[in-house]
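Chemist: Next up is a structure, given as structure tokens.
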Amino acid sequence: MKTASAAIYARFSTDKQDRSSIEDQTRTCRTWAKNNGLAVVAEFADEATSGSVPVTRRTGGGAMHAAALAGQFDVLILEGLDRLSRDQVDQEQVVRRLEHRGIRLVGISDGYDSNSGESRFMLRGMRGIVNEVYRRDLPPKIRRGLAGQIARGFHAGGMSYGYRSVPVGMNDRGEADGFRLEVIPEQAAIVREIFARYAAGEGITRIAADLNTRHVPGPGRKKSKPSTWSATALYGTPRAGSGLLNNELYIGRYIWNRREWVKDPDNPTRRVPRMRPRDEWQIAERPDLRIVDDATWAAVRARLDKPRLQSGQRGRGRAPRTLFGGLLRCGICGGPMIAVHPRYYGCAAHRDRGLAVCHGVFAPRPETDRRLIQGLREQVLAPAAIAKIRSRVKDLLQDLQLRGSSEANARSSRIEALQAEIARLADAVAQMGLSPALRARLVAAETELAGLMAAAGTGPVAPTTYSAEQIGARIRQVALRLDSALATDVDLARRILADKLGEIRVEERDDGIYAQMDIGPVLLEAVGADVSRSGCGGKI
């Protein structure tokens, strides 16, 4: 008899947990497999991954899910269902999908087993609720603990440029009682320089570029290379208080709990900031942390509060209006290319951080759009693509026809049943008179019958006469108008282009500017083209 094969999945939530948790979980699962005569053929794990992240969007979880659907093992062993997911909807979808494929799921600590019959549905539902409630209860508890640290005079937020966090005190476990901020003199000097230069009227991009030219390490951390300065890091979002020039800590005002990060339900791996009500903010005056004087701060605020056309930076940036801005990648630094000029796409790092970070690549916008859309059009009009689309459309039309026939048959049967019922009710009225109950039932039956008769006369008719040639002609018609079709909804078009074209790397070669894609290089601009690029890189 063939020994059933098993896979193990383990997960822990944050980078502050002990990484041995994975080893402990897999050891427990291996022991269970051995005691139950199972051969472990694969082990999957995710470290520092929240249980709210969908299983299929995790590295280990996605690989496990794919292996399960491919039939590579018979049993999935978990320490508990909470290791699989702490989102009730995601848990239910994954478990149902795997069990439908014949995969047995076993949660050792919570007793879940696909072989336990109908009772598993109740256990799964209860464990799903408990796991999700635990996840939702955790952030408020963490926030409450951090609020307590703030009340005791400690630091509990993110780190701002110009400061460092130092431990204070020691408890019985050898851990710090808390952390306090202190000023880093060298970085404080850079902060004062930035404020003074901006207050004097200098541009943000020029300031960032100069700091990078001088190799002044920027805020934040990067593993492979020193961080650099950008105009975005300096300006930030004034309304949210983000960005170096908006940080009130530089005038000795410590603000905590100003905003929260909320997960996007349509994209659980993405978090978006949301401002909290002002009465929930915690504000403390900390003159010992002041770096910038009041006069300089006021001058910076006065300039930032001006409209953009008056050399201020007030307002929010517009949503992308170009088809390829941000989808193109710079061939030098690998960063995104955006619309830096009405006629050109250019490297965002070059514009935002200066020549010291990237010399920049530029591509003409109209020609880039035209040639890349032409490449997409050629993909759509390829014989293999048309054949695939044609087959898919015919399948959809057939499904629609069958569904329409099924609905028509069901409607016809119901009409006949209602007509017979109304006849019986009429006979009953003739014999016994019109009682309230008979009246109510007769009115209900006649109302339903009228609705069905109306639907039968005006319902949509499934198309049945589309030929392969007609479908192919329609595809060509849409493809020829592809540029105007994409322009009607730029946001949707950008998602389609990113999916169909993949990464588009713009490179400058000896004979011109090329877009390098999976379909091959596409010439965007030949050397010697009579087009001026003056100003397209932004003012540095």
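The values are calculated or read from the model by the stated rules, or taken from the named source; none is laboratory data. The structure displayed is predicted, hence computed values, not measured ones. Cβ coordinates were reconstructed from backbone atoms using ideal geometry, including for glycine residues, and neighbour counts include every protein chain displayed.
Chemist: Can you tell me how many residues within region 153-176 are within 25 Å of S242 (Cα to Cα) and in a loop (DSSP other than H, G, I, E, B)?
Modeler: Total meeting the criteria: 10.
Chemist: Show the residue pairs that are 6+ apart or on different chains and have beta-carbon atoms under 9 Å apart, the first residue being within region 234-249 and without any contact (Cβ under 8 Å) to a residue 40 or more places away in the chain and assigned by TED's automatic domain parsing to the domain that holds V292, the second being assigned to a loop (DSSP other than H, G, I, E, B) and among the polar types (S, T, N, Q).
Modeler: Filtered contacts from region 234-249: G236/N247; G241/N247.
Chemist: Only residues that are outside any loop (DSSP other than H, G, I, E, B) and more than 14 Å from M159 (Cα to Cα): list them for region 177-192, please.
Modeler: G178, P185, E186, A189, I190, V191, R192
Chemist: Looking at Y112, Y134, Y161, which is the one that is under 28 Å from T56 (Cβ atoms), among the aromatic types (F, W, Y) and modelled with pLDDT of 75 or more?
Modeler: Y112
Chemist: Hey, another quick one. Which of (1) part of a loop (DSSP other than H, G, I, E, B); (2) touching a residue at least 12 places away in the same chain (Cβ under 8 Å) is the odd one out, the single condition E202 does not satisfy?
Modeler: (2)
Chemist: Checking M122 against (1) modelled with pLDDT of 80 or more; (2) surrounded by fewer than 15 Cβ atoms within 10 Å (Cβ to Cβ); (3) not assigned by TED's automatic domain parsing to the domain that holds N36, only one condition comes out false. Which one?
Modeler: Result: M122 passes all but (3).
Chemist: Separate question: Looking at the structure I just gave you, is E79 under 26 Å from I22 (Cβ atoms), among the acidic types (D, E) and either surrounded by 15 or more Cβ atoms within 10 Å (Cβ to Cβ) or assigned by TED's automatic domain parsing to the domain that holds P217 (or both)?
Modeler: Answer is yes for this residue.
Chemist: Still on this structure, please answer the following. Considering region 22-60 alone, what residues qualify as being at pLDDT 95 or above and either under 18 Å from the mean Cα position of the chain (by Cα) or of a type in the set (D, E) (or both)?
Modeler: E43
Chemist: Could I ask something else about it? Has region 58-67 got any residue that is out of contact with any Phe, Trp or Tyr (no Cβ under 9 Å at 6 or more places or on another chain) and within 21 Å of G111 (Cβ to Cβ)?
Modeler: no
Chemist: Mind listing just one residue for me: the one in region 321-348 that is free of Cβ contacts under 8 Å to residues at least 40 places away in the same chain and not in a loop (DSSP other than H, G, I, E, B) and, of those, nearest to I207 (Cα to Cα)?
Modeler: By that ranking, first place goes to A348.
Chemist: Let me ask another. Whether any residue in region 63-85 is in a loop (DSSP other than H, G, I, E, B), touching a Pro at 6+ places or on another chain (Cβ under 7 Å) and not acidic (D, E) is what I want to check.
Modeler: Among the residues of region 63-85, not one is in a loop (DSSP other than H, G, I, E, B), touching a Pro at 6+ places or on another chain (Cβ under 7 Å) and not acidic (D, E), which makes the answer no.
Rundown of residues vs (1) among the aliphatic types (A, V, I, L, M); (2) in a helix (DSSP H, G or I); (3) surrounded by 11 or more Cβ atoms within 10 Å (Cβ to Cβ); (4) modelled with pLDDT of 70 or more, yes/no style:
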| residue | (1), (2), (3), (4) |
| --- | --- |
| L402 | yes, yes, yes, no |
| S405 | no, yes, yes, no |
| I415 | yes, yes, yes, yes |
| Q419 | no, yes, yes, yes |
| D427 | no, yes, no, yes |
| L434 | yes, no, yes, no |
| A444 | yes, yes, yes, yes |
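Chemist: Do we find that A208 is within 34 Å of the chain's Cα centre (by Cα), closer than 30 Å to R57 by Cα, surrounded by 18 or more Cβ atoms within 10 Å (Cβ to Cβ) and touching a residue at least 12 places away in the same chain (Cβ under 8 Å) in this structure?
Modeler: No; evaluated as a whole, the condition is false for this residue.
Chemist: Now for a separate question. Keeping to region 255-283, report how many residues are at pLDDT below 75 and in a loop (DSSP other than H, G, I, E, B).
Modeler: Number of matching residues: 2.
Chemist: Here's a follow-up. Looking at (1) among the basic types (K, R); (2) modelled with pLDDT under 70; (3) closer than 30 Å to G360 by Cα, find the lone condition where R495 falls short.
Modeler: Tallying (1) among the basic types (K, R); (2) modelled with pLDDT under 70; (3) closer than 30 Å to G360 by Cα, R495 fails exactly one: (2).
Chemist: If the requirement is being in contact with an Asp or Glu (Cβ under 9 Å, 6 or more places away or on another chain) and either loosely packed, with under 14 Cβ neighbours inside 10 Å or under 22 Å from A33 (Cβ atoms) (or both), which of these qualifies: L69, L105?
Modeler: That would be L105, the only listed residue that is in contact with an Asp or Glu (Cβ under 9 Å, 6 or more places away or on another chain) and either loosely packed, with under 14 Cβ neighbours inside 10 Å or under 22 Å from A33 (Cβ atoms) (or both).
Chemist: Here's another thing I want to ask about it. G203 passes all but one of (1) touching a strand residue (DSSP E or B) at 6+ places or on another chain (Cβ under 8 Å); (2) more than 22 Å from L146 (Cα to Cα); which number fails?
Modeler: Failing condition for G203: (1).
Chemist: Being in a loop (DSSP other than H, G, I, E, B) and either modelled with pLDDT under 90 or over 29 Å from the mean Cα position of the chain (by Cα) (or both) is the filter here, so list the residues in region 86-107 that pass it.
Modeler: R86, D87, G102, I103
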